[in-house]
Amino acid sequence: MTSLTRKAPSHAFTDRQQFFAGVGVDGDPLHVHKAHRFRGMSGLPVFIDNGGFNLQDVASDIARYRTHLSDIFAKLSDWPTG
């Protein structure tokens with residue numbers, strides 16, 4: 001699971017004309033995903049906060065992050081163990 005804080009608007013990751021050239025939010029930490037996959041791990045959804053340094057709506061950002069974590073842990077609880 002990767003959590004990112006970037007001072008870039010969301011479209012900077014999805015628009016091919018922007019800096020990240022349309023790679024999406026998973027494209028920025030791609031090297032991390034690839035290193036984990038090499039070791040046999042699978043990826044979980046990325047959480048990205050695009051305005052974290054502005055501190056404009058921290059309560060909303062925290063609520064989104066909690067929802068993100070709840071969704072992930074709900075899915076993980078269905079995974080077989082052992």
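Worth a mention:
- So residue 44, is it exposed (fewer than 13 other Cβ atoms within 10 Å of the Cβ), aliphatic (A, V, I, L, M) and modelled with pLDDT under 85: no
- Yes/no for residue 73 being modelled with pLDDT of 75 or more, exposed (fewer than 13 other Cβ atoms within 10 Å of the Cβ) and either out of contact with any Pro (no Cβ under 7 Å at 6 or more places or on another chain) or outside any helix (DSSP H, G or I) (or both): yes
The values are calculated or read from the model by the stated rules, or taken from the named source; none is laboratory data. Model, not experiment: these values are computed from the prediction. Virtual Cβ from ideal backbone geometry, glycine too; neighbours counted across all protein chains shown.
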